[in-house]
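Written out below as structure tokens is the structure these notes cover.
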Amino acid sequence: MIKPRTPPGIMELLPREQIAFQRMLDVIRRNYERFGFLPVETPVFELSDVLLTKSGGETERQVYFVQSTGALANAASSAEAGGDKSLPEMALR
């Protein structure tokens, strides 16, 4: 049986912990706003060519990569034209 675990660098909070965490963020946010700071939202994902050009190799070991389903679908179409039926089934998952 597979034991559930959280990937390194990911914080998971249960409801009670999430409420406490949210209260802390609210205090920080109110104080920042009180002194004139404005909120900034940044993406939780980035294009790999942008992210990895800043690193020198270190970042690549710390990043989770997600394959584009569009690229997989294109590969599936190419494989199907060549008679390979296993790759198109992967694109449907």
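Structure above, values below:
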| item | result |
| --- | --- |
| Members of segment 34-53 found to be at pLDDT 95 or above and at negative phi, listed by number | R34, F35, F37 |
| Condition met for D26 (surrounded by 10 or more Cβ atoms within 10 Å (Cβ to Cβ) and at pLDDT 95 or above) | yes |
| Flag for I2 being among the β-branched types (V, I, T) and surrounded by 10 or more Cβ atoms within 10 Å (Cβ to Cβ) | no |
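The values are calculated or read from the model by the stated rules, or taken from the named source; none is laboratory data. Quick caveat, the model's predicted, so the values are computed rather than measured. Backbone-built Cβ (ideal geometry, glycine too); neighbour counts: all protein chains shown.
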